[in-house]
Amino acid sequence: DRSLDRPVAMKILLPSARLNAGALRRFESEAVVTARLRHPGIVAIHDQGMLDDGRPWFTMREVEGRTLTELIDEVHAAGDTPGRWDQSRLVRAFAATCRVVAYAHAQGVIHRDLKPSNIMVDAFGEVRVMDWGVALFGGAIATRLATCSSASPDRLTVAGAVVGTPSYMAPEQAREGSDRHGPASDVYALGAILYQVLSGVPPYLGDSVTEVLVRVRAGPPPPLASRGLILPAPLVRICEHAMQREPDRRPADAASMARDVGDWLDGEVRRARALEVVAEVAPLAGEARELREHATALRREAAGVLGPVAPHDPIERKIGAWRLYEWAETLCNRSALLEARYEQRLHAALHVMPELPEAQDRLADLYRARLVEAEADKRQGEAIRAEQLLRANDRGRHRAWLEGRGVVTLITDPPGARVVAARYVARDRRLVLDEVRELGATPLRRAMLPRGSYRLRIEADGCEPVLYPVRLSRAEHWDGIAPGSRGQQVLSLPTAGTLGPADCLVPGGWFHAGGDVEALDGLSARRLWVDDFVVRRFPVTNAEYLVFLNDLV
């Protein structure tokens, strides 16, 4: 354009089409329709005229960029590469396309040939919907066209003609003789474009136009789920809704489709912002854990220093250990501050994006650790609170652990022994046996029981009955695999008559020692293995001890 010193795109009818009335009408209508649609997503028409040989032309803004087809191919060929287009940017371009089409529909214009190759995206991500040559229109645009052409102002193609690109064509548009073209047909085409954005391929493929048309008329395309891709479920639902076979089952218009896609994009923005918060505070959990572990090591060191020190020893022998304890307390306080900040920021991430899995999983892990610690220290109130918070944030990973069930594996010689479990419950401030249940015959493999303490009674014909103690924690597997052993230990049942009336067999296995926070100078909690042994049921009397001594003499 020499007048304004700017480059423009000039569209001219091909010489071979200048005597084709239909081609002439479509060319004229494209200029009029495009000029009347004043939207940033539709290329502005500058001027129109006629060449000396009778061919019409019009000029428009020069659009530089790539088609959506090229961008889709790039994304699905290269994946989400830094600095290149990714699926999120494709969806943004698609949402902008929906808004352009929604504007056109509001002006009474139906595009009828929406496809990725008719969508241009410039270097700044701005979207232009191109090629309005086969559009249907009415109202002011039809009146304007009537003044500049001898063509029918209502339609530019023969009624019932198949118009558009088959791979993106609505079923009613693909049927010859159908005149049901309307905004719903464009909505279907938008769904087909979204199908390609998500999967990388058009919904319908074939070796010829006729073959594709046959497939469009025959039934829906292959489901997106069959493409073997992990896709956002909301976008899949939007796509499937838009591509319903019947027009009245699709979204009301392109505007509603644009809103749905926009809502998903807004959610993705919030999700990205929340994930940044989670990533920012993730190191705090490790730092807090390291401080606690260091504090524990300092306490062990202090206990070792004080071990040989008598209470009446001078302060000089104790002060070193006391300082270790003080330093350990300081580290614990620092750990608590880091943990509080960690928890607070994770809740902030959930405020930005509710039900963010990454934040909920980290909170669930935090509350599980607190629950374990509170239950070990018998702080019932804190345990109840931690359990409720864990349940509120758990998405299923801790479900089995929260159910509090454990499993027992028991193998006996001889096999086939009957096993009856009785649970210890607190009653009148005493532990008594209750809730008797049959576990079946040995070998028992991963027999499930609620957490708690049990006495298993094991009986087999020709053998002495054996009482086997079991204490199950949450999700614990109580087995008979001894330290350093790879296989399950076999519990040998004593032959009948082997034990005296005052003898008691303690079967080999694991037991819990220490861990009583109320015991003075109590041992730390440990899980230990003991081999089976026989012990007298009652204390030895002086008379029995005298017999023992005389036997030694």
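The values are calculated or read from the model by the stated rules, or taken from the named source; none is laboratory data. Since this is a predicted model, take the numbers as computed values, not measurements. For neighbour counting, all protein chains shown are included, and Cβ atoms are generated from backbone atoms with ideal geometry for every residue, glycine included. Just the protein is used for accessible areas: all its heavy atoms, side chains included, with ligands, DNA and RNA removed. Shrake-Rupley method; radii C 1.70, N 1.55, O 1.52, S 1.80 Å.
Summary of computed values
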{"quantity": "Residue list for segment 108-128, filter: under 16 Å from residue 185 (Cα atoms), under 33 Å from the mean Cα position of the chain (by Cα) and open to solvent by 20 Å² or more (accessible area, probe 1.4 Å)", "calculated": "115"}
{"quantity": "Which numbered condition residue 64 misses (of (1) crowded, with 16+ Cβ neighbours inside 10 Å; (2) outside any helix (DSSP H, G or I))", "calculated": "(1)"}
{"quantity": "Scope segment 9-61; condition free of Cβ contacts under 8 Å to residues at least 24 places away in the same chain, surrounded by 13 or more Cβ atoms within 10 Å (Cβ to Cβ) and part of a strand (DSSP E or B); matching residues", "calculated": "45, 47, 48"}
{"quantity": "Count of segment 299-319 residues which are farther than 15 Å from residue 524 by Cα, assigned to a helix (DSSP H, G or I) and aliphatic (A, V, I, L, M)", "calculated": "4"}
{"quantity": "Residue in segment 410-431 that is of a type in the set (Gly, Ala, Ser), out of contact with any Cys (no Cβ under 8 Å at 6 or more places or on another chain), open to solvent by 50 Å² or more (accessible area, probe 1.4 Å) and within 30 Å of residue 357 (Cβ to Cβ) present", "calculated": "no"}
{"quantity": "Evaluation of residue 333 against (1) open to solvent by 60 Å² or more (accessible area, probe 1.4 Å); (2) more than 30 Å from residue 310 (Cα to Cα); (3) of a type outside the set (Asp, Glu) (one fails), failing number", "calculated": "(2)"}
{"quantity": "Test: residue 316 is open to solvent by 90 Å² or more (accessible area, probe 1.4 Å) and of a type in the set (Asp, Glu)", "calculated": "yes"}
{"quantity": "Residue check for residue 92: assigned to a strand (DSSP E or B), of a type outside the set (A, V, I, L, M) and over 14 Å from residue 189 (Cα atoms)", "calculated": "no"}
{"quantity": "Failed condition for residue 146, given (1) at pLDDT below 75; (2) assigned to a helix (DSSP H, G or I); (3) buried (at least 17 other Cβ atoms within 10 Å of the Cβ)", "calculated": "(3)"}
{"quantity": "Residues being at pLDDT below 90 and farther than 19 Å from residue 476 by Cβ - total across segment 397-419", "calculated": "0"}
{"quantity": "Condition met for residue 289 (surrounded by 12 or more Cβ atoms within 10 Å (Cβ to Cβ), modelled with pLDDT of 90 or more and farther than 26 Å from residue 373 by Cα)", "calculated": "no"}
{"quantity": "Residue in segment 274-288 that is of a type in the set (Gly, Ala, Ser), over 22 Å from residue 105 (Cβ atoms) and either without any contact (Cβ under 8 Å) to a residue 12 or more places away in the chain or part of a loop (DSSP other than H, G, I, E, B) (or both) present", "calculated": "yes"}
{"quantity": "Top-ranked residue in segment 204-217 [being within 36 Å of the chain's Cα centre (by Cα) and assigned to a helix (DSSP H, G or I); ranked as farthest from residue 192 (Cα to Cα)]", "calculated": "215"}
{"quantity": "Options 249, 175, 245, 227: the member that is touching a Lys or Arg at 6+ places or on another chain (Cβ under 7 Å) and over 22 Å from residue 93 (Cα atoms)", "calculated": "175"}
{"quantity": "Residue match in segment 364-381 (condition: farther than 24 Å from residue 527 by Cβ, in contact with a Lys or Arg (Cβ under 6 Å, 6 or more places away or on another chain) and of a type in the set (Gly, Ala, Ser))", "calculated": "no"}
{"quantity": "Selection within segment 499-539 - open to solvent by 90 Å² or more (accessible area, probe 1.4 Å) and over 24 Å from residue 408 (Cα atoms)", "calculated": "501, 518, 520, 521, 523, 536, 537, 538, 539"}
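Matching residues to (1) part of a strand (DSSP E or B); (2) open to solvent by 60 Å² or more (accessible area, probe 1.4 Å); (3) touching a residue at least 40 places away in the same chain (Cβ under 8 Å); (4) of a type in the set (Asp, Glu):
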| site | (1), (2), (3), (4) |
| --- | --- |
| 434 | yes, no, no, yes |
| 440 | yes, no, no, no |
| 453 | yes, no, no, no |
| 457 | yes, yes, no, no |
| 470 | yes, no, yes, no |
| 474 | no, no, yes, no |
| 480 | no, no, yes, no |
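Per-residue answers, yes or no, for (1) over 22 Å from the mean Cα position of the chain (by Cα); (2) surrounded by fewer than 20 Cβ atoms within 10 Å (Cβ to Cβ); (3) assigned to a helix (DSSP H, G or I):
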site	(1), (2), (3)
369	yes, yes, yes
384	yes, yes, yes
395	no, yes, no
408	yes, no, no
